[in-house]
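Structure first, commentary second.
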Amino acid sequence: MKLVIAEKPSVAISIAKVLGARDKKQGYITGNGYIVSWCVGHLVSLSKPEEYDERFAKWNKSDLPILPDEWKLSVKEGTKQQYRVLTKLIASDEVTSLVEATDAGREGELIFRLVYDHSKCSKPYQRLWISSMEDSAIKEGFNQLQDGTTYENLYQSAIARTKADWLVGLNATRLFTTTYHTKLSVGRVQTPTLAMIVERDEKINNFKKEKFYHVELDLGDFKLRSEKIKTIDEAKVIAHSCQGKSVVISELTKELKKNKPPALFDLTSLQRETNRMFGYTAKQTLDYTQSLYEKKLVTYPRTDSRFITEDMKDSVVNLLPIADNPAAYDVNRIINNKKVSDHHAIIPTKQSLKLEELKIPNSELNVLKLIQTKLLIAVCLEHVYEAVNVKADVDGMTFTATTKVIVEMGFKKIEQDFRKEMGLKVDEDKNNNSRLTKINEGDTFKIIGIENIEGTTSPPKRFTEDTLLSAMERAGIEELDDSLETEKQGLGTPATRAAIIEKLISTLYVERKKKNLIATSKGVELIRIVPDKLKSAQITAQWENKLTEISDGIRSADDFLEEIRNEVIDLVDNLEVQGNPDSFKIEKEVIGKCPRCGTDIYEGNKNFYCSNRDCKFSMWKEDKFFTNKKKKLTKSIAKALLSKGNTKVNKLYSDKKDTYYDAKVVLNDTGVWVNYKLEFK
């Protein structure tokens, strides 16, 4: 029999159905010559330092750096039961070979191989590599199983990345924590990402607004405006010199311009757009899209490509209403075999077309509709307009006006219709004056009004998840080898960036304020004390280059890890302490007063806790009361509950009714347990 190992139970169930395995057992499904079982994410991981030597359980600077000669693997505590199921199946005489059916990517490869290696399995295995969970895709995938060793280089890249993160993250975190006497989490990707946020915040905080002016001439049907003028006195002089004069149009240009439709979604561009449109975090978008994938409604989400391959053309055509208007669509525009590596762009499946029959949460439905609409947009007609530029001179001063006239709405019409359907604001073109298209060079106009317009320079904008994801994607890109087919160069990968952002928030280095991401005082202080090489996007980008070379088979994983080990040794041996290490004190924000003992409540990584060690009061961020309603106990909610005892919370989810509602949440502390209840008044 063949043992098929999927990444999670829901995927295993879908695969088992296609293979004809129907007999459900504890931890697996069997039938028709197959046993289908599953991991629960990572069952096996690199061992902790104390599993190499007991003394490492206590953090001592003198023990650093910790550099394992032989790497050990350990089974995660919460998944031991399923691991035992898998190892028993792997060792069974019934099982002659395995099928690796974890997600088709670097992380999925790692999840399977760590289980395979830790269980000391030597049986042959094949690789299932699919981008859709539709029955037809699974069948086709099993008809085209590849030898497992085909992806050996991908595994070597994955395990090298994991070991590098262990070496840098663990040693750097212990080094800075023991040096500065407070818990400081440092990571290969998270620290350069934090540095970008800190740098942006500093630019905003140090920004000094400067006034500028324009002189605007009202010519009746349209207005002309001067270039920027530094002082109001200069603007007044120019305005005065224009009084009573006429304007002669000295130059008029008309140019037909075309905007091509945007490409399909990869994960990062989808996360950015959902953040802009719906305010979803990167993690929420990944979770919603993963759920849609497992429901067979969209293709594999963790992709870095925005194109499809030539062999997919016919199946994609079947997703479009081409029969209604064939000339309105160009599918060839989204086909590019060279820009698809592991997975193609995220697109809807045929099953998703039965939208009226789907019963899915509104959040997932929003993402699905967006993905469906993006496919229509990507193959639609170009947006065509005529750009008109007008220049006029008055006493040697140049005045201008611009406008554009829509010739063909093209894909913009679909964008506007979608925004209207979703109840979103539709951007209107304010720069649209058709009168400008009817004038000619040499025309003379009388000035009927003059006004000095005051403006001020603007600081850079705070990072949102949309703009931070974009910055992470582009960070250090000049350091990368363009010839390499890499998984979206920059900080992290499409699959890991959401987790990086969440880690920065959970470690209290960054906080969300509405849509903005702002560095905390703790985050700012960390960036002040870490050396440049730990916060450099360029160095991280160079590592990404090398990891890609490993997956391409042109670099040795051992050589890469030797470089990392040397970097860690250099960091530990040559750390320069910034100022007095005992002065590294982060002023904790008081969230409220403890309802039991009256002392201050502080925020921790996972909870809001009483500062009185004898008091056990704690409000957990992932309390089931909130998570069951698809909410998290945020700082603002905690503050309100501690100050007033209750607060209104919007968009709580009802699993029974599959809908969202607003209600008042009441803090109900028994003195032993912290409970919550709802009030509908």
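Applying 1/(1 + (r/R0)^6) with R0 = 30 Å to the Cβ-Cβ distance of residue 420 and residue 13 gives a FRET efficiency near 0.20. Using the Cβ-Cβ distance between residue 391 and residue 458 with R0 set to 35 Å, the FRET efficiency works out to roughly 0.85. Here the 3J(HN,Hα) profile of region 355-369, calculated from phi with Karplus coefficients 6.51, -1.76 and 1.60 at θ = phi - 60°, is 4, 5, 8, 7, 10, 10, x, 4, 4, 5, 5, 4, 5, 4, 4 Hz, Gly and Pro shown as x. Calculated mean residue ellipticity, 222 nm, the chain: -10500 deg cm²/dmol, from DSSP H runs (n ≥ 4) at -39500 (n - 2.57) each, averaged per residue and rounded to 500. Listed by chain and number, the aspartates and glutamates whose alpha-carbon sits under 19 Å from that of residue 656, ignoring those within fewer than 8 places in the same chain, are 357, 364, 679.
Region 2-144 gives an Rg/Rh value of 1.07, both radii derived from C-alpha positions and Rh following Kirkwood.
Within the same chain, aspartates and glutamates fewer than 8 places from residue 61 are excluded, and of the rest, those with a Cα less than 20 Å from its Cα are 50, 51, 53, 69, 165, 567, 570, 573, 576, 582. Residue ranges 220-230, 667-677, 299-309 sort as 299-309, 220-230, 667-677 when ordered by packing (mean number of other C-beta atoms within 10 Å per residue, highest first). Against the chain, whose longest principal axis is taken from its Cα atoms, helix 465-474 shows a tilt of about 80°.
Going down the list 593/632; 17/374; 183/629; 369/651; 25/80, which pairs span over 24 Å between their C-alpha atoms?
Over 24 Å apart, Cα to Cα: 17/374; 183/629.
Can you spot the lysines whose alpha carbon is less than 17 Å from residue 254's alpha carbon? Ignore those fewer than 8 places along the same chain. Correct list for residue 254: 391, 404, 438. Would you kindly calculate the translational diffusion coefficient of the chain, applying Stokes-Einstein with the Kirkwood radius from alpha carbon pairs, for 25 °C and a viscosity of 0.890 mPa s, and quote it in µm² s⁻¹ without decimals? After rounding, the answer is 84 µm²/s. With Cα atoms as the point set, region 163-306 shows a radius of gyration and Dmax of 27.1, 76 Å. Computed from the C-beta positions of residue 250 and residue 91, the FRET efficiency with R₀ = 60 Å rounds to 0.10. Distances between placed amide hydrogens fall under 5 Å for residue 607 paired with 621, all partners being 5 or more residues away or on another chain. For residue 563 and residue 589, the difference between the fully extended length at 0.36 nm per residue and the C-alpha to C-alpha distance is 5.3 nm. Express the Stokes-Einstein translational diffusion coefficient of region 566-681 in µm² s⁻¹, to the nearest whole number, given a Kirkwood radius over alpha-carbon pairs, 25 °C and a viscosity of 0.890 mPa s. Once the numbers are plugged in, D ends up at 148 µm²/s. Rounded to the nearest 10 degrees, the angle from helix 80-91 to the longest Cα principal axis of the chain is 70 degrees.
Each of 565, 200, 106 was scored by other Cβ atoms within 10 Å of its Cβ. Listed from fewest to most, they are 565, 200, 106. May I ask which of 461/533; 338/503; 522/606; 48/630; 606/657 have a Cα-Cα span longer than 24 Å here? Listed pairs above 24 Å: 461/533; 338/503; 48/630; 606/657. Considering region 221-282 at the alpha-carbon level, its Rg and Dmax are found to be 22.6, 59 Å.
Placing a label point 7 Å from the Cα of residue 663 along the Cα-to-Cβ line, the residues of region 616-642 whose backbone N sits under 16 Å from it are 623-633. Among the GluC sites (Glu not before Pro) found in region 592-681, those both in a DSSP coil and sparsely packed, with 12 or fewer other Cβ atoms within 10 Å of their Cβ, are 622. Along its principal axes, region 267-378 has C-alpha extents of 35, 33, 24 angstrom, given from the largest down.
Computed from Cα atoms, the angle from the helix 537-551 axis to the main principal axis of the chain rounds to 50 degrees.
We did not get these values from a lab; they are worked out from the coordinates using the rules stated. In this text, all values refer to a predicted model and were calculated from it rather than measured experimentally. Note that we place each Cβ from the backbone using ideal geometry, even for glycine, and neighbour counts take in every protein chain shown.
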